[in-house]
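The values are calculated or read from the model by the stated rules, or taken from the named source; none is laboratory data. Everything quoted here is computed from the prediction, not taken from an experiment. Cβ coordinates were reconstructed from backbone atoms using ideal geometry, including for glycine residues, and neighbour counts include every protein chain displayed.
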Amino acid sequence: MSPIFDFFFGQYADYETYYIVLEIVAVIFGLLSVWFSKQNNIWVYPTGLISTSIYVYLLFKWGLIGDMMINGYYFIMSVYGWYVWTRKVDDSHFTPITKTTKKEHKISVLIFISTLAFVFVVYQMFDKWTSWTAYVDTVTTAVFFVGMWLMAKRKIENWLYWIVGDIISVPLYFYKGFTFTSFQYLIFTIIAIFGYLAWKKNLDSSPLILSK
């Protein structure tokens, strides 16, 4: 095999084939989910549920507790988001894209801090403070928890959290040895940027003032 191929995929040499196949399937459905989110399409949730279910299993097998918790939370919030996105605010309109309110910003900060504390306790329990990646995992978990909550609420600022978390995750997952997942986050970053622009265009064309 070529040195370039070995550099990117050499870590998979010791993996069982079905783990590799499952990761690729999870990546495909993950990409579909983010694409549907960019399109403001309800299919973001069923595709996301498939991806996160697979990742919860894989990350449990790989012993990546923080990452597993992220995906477990995604699964729960996907169910909640599916409900919110299909809930009508009146007889003819579903929950629209809006800006985050002051109250929701405060809740976002609370979710971020609570997540940091929660992950810290879990990592202490499972003795996971063995690498610098654990500290980065703690931060990205908190970032993604806020992003997922805001996406479920259909708030445009969710994309900003996804962009930050995705950028950090690209080198992080590559370092951990999961090249396919690293590539997934690279594509996530690009889609998230366009997703923010698409949602902003949608919001600008039908603005709603929510600033309590």
* Asked: Has region 35-57 got at least one residue that is among the aromatic types (Phe, Trp, Tyr) and farther than 21 Å from Phe188 by Cβ?
  -> no
* Structure fact -> Of the conditions (1) at pLDDT 95 or above; (2) farther than 30 Å from Phe126 by Cα, the single one that Val25 does not satisfy is (2)
* Structure fact -> Flagged pairs (Cβ under 7 angstrom, 6 or more apart or on separate chains; first in region 106-128, more than 20 Å from Gly63 (Cα to Cα); second in a helix (DSSP H, G or I) and hydrophobic (A, V, I, L, M, F, W, C)) are Ser108/Val146; Ser108/Leu150; Ile111/Phe145; Ile111/Val146; Ile111/Trp149; Phe112/Ala142; Phe112/Val146
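Looking at Thr138, Thr86, which one is touching a strand residue (DSSP E or B) at 6+ places or on another chain (Cβ under 7 Å), over 22 Å from Tyr196 (Cβ atoms) and in contact (Cβ under 8 Å) with a residue 40 or more places away in the chain?
When all the criteria are applied, what remains is Thr86.
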* Out of the residues in region 21-43 that are in contact (Cβ under 8 Å) with a residue 60 or more places away in the chain and β-branched (Val, Ile, Thr), which is nearest to Asn202 (Cα to Cα)? -> Val34
* Structure fact -> The condition of being more than 20 Å from Leu203 (Cβ to Cβ), without any contact (Cβ under 8 Å) to a residue 12 or more places away in the chain and under 19 Å from the mean Cα position of the chain (by Cα) holds, among Ile54, Ile70, Ile76, only for Ile76
* To do: For region 51-77, enumerate the residues that are surrounded by fewer than 18 Cβ atoms within 10 Å (Cβ to Cβ) and over 17 Å from Thr115 (Cβ atoms).
  => Ser53, Tyr57, Phe60, Lys61, Trp62, Gly63
* Mind checking which helices (runs of 4 or more DSSP H) fall wholly inside region 1-83 and carry at least 2 residues that are closer than 25 Å to Tyr135 by Cβ? => 17-38, 44-62
* **Only one of Thr95, Thr141 that is touching a Ser or Thr at 6+ places or on another chain (Cβ under 9 Å) and under 30 Å from Asp6 (Cα atoms)** => Thr141
* Scanning region 141-181 for residues that are polar (S, T, N, Q) and touching a residue at least 60 places away in the same chain (Cβ under 8 Å), which turns out surrounded by the most Cβ atoms within 10 Å (Cβ to Cβ)? -> Thr181
* **Search result, residues across region 37-50 that are among the aromatic types (Phe, Trp, Tyr) and buried (at least 19 other Cβ atoms within 10 Å of the Cβ)** => Tyr45
